[in-house]
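Throughout, read-outs are computed from the coordinates displayed, never taken from laboratory work. The model shown is predicted, which means the values in this text are computed figures rather than measured ones. Quick reminder, even Gly has a Cβ in these numbers, built from the backbone with ideal geometry, and neighbours come from all protein chains shown.
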Amino acid sequence: MERSKADLRTTALARRDALSDKKRDAAAKAVAKRGLPIEIAPGTIVSGYSPIRGEIDPAPLMRKLAAEGVLLALPAIVARGKSLAFRAWSPDDRLMLGPLGIPEPSPAAAEVVPDIMLVPLAAFDRLGHRIGYGGGYYDYTLAHLRKAKAITAIGLGFAVQEIEAVPALSHDVALDYVLTEKQIFDFRS
């Protein structure tokens, strides 16, 4: 019997939650040290995220990218069922709590459209499918923004979040890559 996304999410998050702070920190540093698996030119806009619920911290990678001349952004929730907005951000900027209690840039920050999106996840498989928290924000945003331009979607997670298969639906948007502390998964074909 096929397991539901909710069951798979619960199992993967339990494995993630069991990681020690030392392993979490080491994983974030390992991902940052390796960097992105694609060439990026100065001025490229990369959106990250504010980690919640034990997600891998993208801050070390984002600081490295900023030092290489990449422009950074963070997502902001505008409304349920709507595309995320992306606001310019640098590592020294203060954040404010958004509508779901997730830190995000001030509404006064410039809105941008990322070239590369770093995407949090609860679980992923080797086909590039991910399970998030069920809100559909990233699937909707990627589908919406990719109508206007090519956007590379790179999931960030811990190796323990890999599962055998995500029961992907037609509206689910696959990732181009997933980066863990142990491996780079390339799903482009």
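Using a basic spin-label model with each label point 7 Å from the Cα along Cα→Cβ, how many nm lie between LEU100 and ALA18?
Spacing of the two 7 Å Cα→Cβ label points: 2.6 nm.
What translational diffusion coefficient, in µm²/s and rounded to a whole number, does the Stokes-Einstein relation yield for the chain at 10 °C and a viscosity of 1.306 mPa s, taking the hydrodynamic radius as the Kirkwood radius over Cα pairs?
Taking Rh from Cα pairs, D becomes 95 µm²/s.
Can you give me the distance in nm between label points at ARG80 and ALA148, each placed 7 Å from the Cα along the Cα-to-Cβ direction?
Between ARG80 and ALA148, the label points sit 2.5 nm apart.
Counting only residues 5 or more places away or on other chains, whose amide H sits under 5 Å from the amide H of ILE163 once H atoms are built in the peptide plane?
PHE124, ASP125
Region 89-141: which trypsin sites (Lys or Arg not before Pro) are DSSP loop and have at most 15 other beta-carbon atoms within 10 angstrom?
ARG94, ARG126
Mean projection of the alpha-carbon convex hull of region 64-130 over all orientations, in nm²?
Across all orientations, region 64-130 yields a mean hull projection of 5.9 nm².
Can you show me the helix-derived [θ] at 222 nm for the chain, built from DSSP H runs with n ≥ 4 at -39,500 (n - 2.57) apiece and divided by the number of residues, rounded to the nearest 500.
-7500 deg cm²/dmol
How about region 85-167: which GluC sites (Glu not before Pro) there lie in a loop by DSSP and see at most 10 other Cβ atoms within 10 Å?
GLU164
Within 10 Å of each candidate Cβ there may be at most 16 other Cβ atoms; applying that plus a DSSP loop requirement, which trypsin sites (Lys or Arg not before Pro) in region 46-75 survive?
Taking region 46-75 and a limit of 16 other Cβ atoms within 10 Å, the loop trypsin sites (Lys or Arg not before Pro) found are ARG53.
Taking the alpha-carbon centroid of each part, what is the distance from region 2-52 to region 146-180 in angstrom?
11 Å
Tell me, what is the FRET efficiency for ALA26 and ALA165 to the nearest 0.05, using R0 = 30 angstrom and their Cβ-Cβ distance as r?
The computed FRET efficiency comes out at 0.60.
Which entries of LYS29/LYS147; LYS22/LYS64; LYS22/LYS182; LYS23/LYS149; LYS5/LYS82; LYS64/LYS182 have Cα-Cα distances beyond 25 Å here?
The pairs that break the limit, which is 25 Å between Cα atoms, are LYS29/LYS147; LYS23/LYS149.
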